[in-house]
Amino acid sequence: MAESLAQLSKGALNELAGVFAAMPENALDGLIDAIVAAKRIVVFGLGREGLQMRGFAMRLFHMGRDVAVWGDMTTPALGAGDLLIVSAGPGDLPTAQTLVDIARKAGARTALVTAQPAGGLAKHVDVVTVIPAQTMANDQSGKLSVLPMGSLFETAQMIAFELAILKLRPRFGETSETMRARHTNLE
């Protein structure tokens, strides 16, 4: 017999709570400090991680940050004082590595959001933010999430980014009202 919606949701929510319980209190501090210091921010991610990065960019925009999503036609050139944030849950991604190399050569700081801090990419960035959740790098053995493939990481990413926004708001003097004022009216 298939599990009920309530049972499945309880399992998924318990796993998400476990991810955040495993994160130290200062887990987002490096990323937050890098965002505060950045003149411009570009975010990068592929697949479902990319969708989470786009959501994070939207929230940063709502806070008045100069932010772009890599690949969009309006993505600026990065240089000194700027920040590239890449997502690579499994720890390595050739495209992310290439973009990190380009950004660093141009003088920008770089940050990685990952579940696998021992992956090769972590050695090449200025800031590593670890979200200890299952990704597609480890979805075939051991204790598996009730959520498919990398969904636990991707969902935890979305929540971690919203928590980062809550911690950033006072640093920028933002409120729900000032953020709402920047929301598009073209809907």
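Observations on the model:
- Meets criteria (under 19 Å from the mean Cα position of the chain (by Cα), more than 25 Å from Leu93 (Cα to Cα) and β-branched (Val, Ile, Thr)) for Ile165: yes
- Members of segment 1-21 that are surrounded by fewer than 13 Cβ atoms within 10 Å (Cβ to Cβ) and assigned to a helix (DSSP H, G or I): Leu5, Ala6, Gln7, Ser9, Leu13, Asn14, Ala17, Ala21
- Residue satisfying all of: in segment 48-64; free of Cβ contacts under 8 Å to residues at least 40 places away in the same chain and open to solvent by 40 Å² or more (accessible area, probe 1.4 Å); farthest from the chain's Cα centre (by Cα) among these: Met58
- Helices (runs of 4 or more DSSP H) wholly inside segment 66-185 containing at least 3 residues that are surrounded by 18 or more Cβ atoms within 10 Å (Cβ to Cβ): 94-105, 151-172
- Single match in Arg48, Arg54 (criterion: basic (Lys, Arg), assigned to a helix (DSSP H, G or I) and in contact with a strand residue (DSSP E or B) (Cβ under 7 Å, 6 or more places away or on another chain)): Arg54
The values are calculated or read from the model by the stated rules, or taken from the named source; none is laboratory data. Computed from a predicted structure; not experimentally measured. Positions of Cβ are backbone-derived with ideal geometry, glycine not excepted, and every protein chain shown enters the neighbour counts. SASA here: full protein model, heavy atoms, side chains in, ligands and nucleic acids out. Shrake-Rupley method; radii C 1.70, N 1.55, O 1.52, S 1.80 Å.
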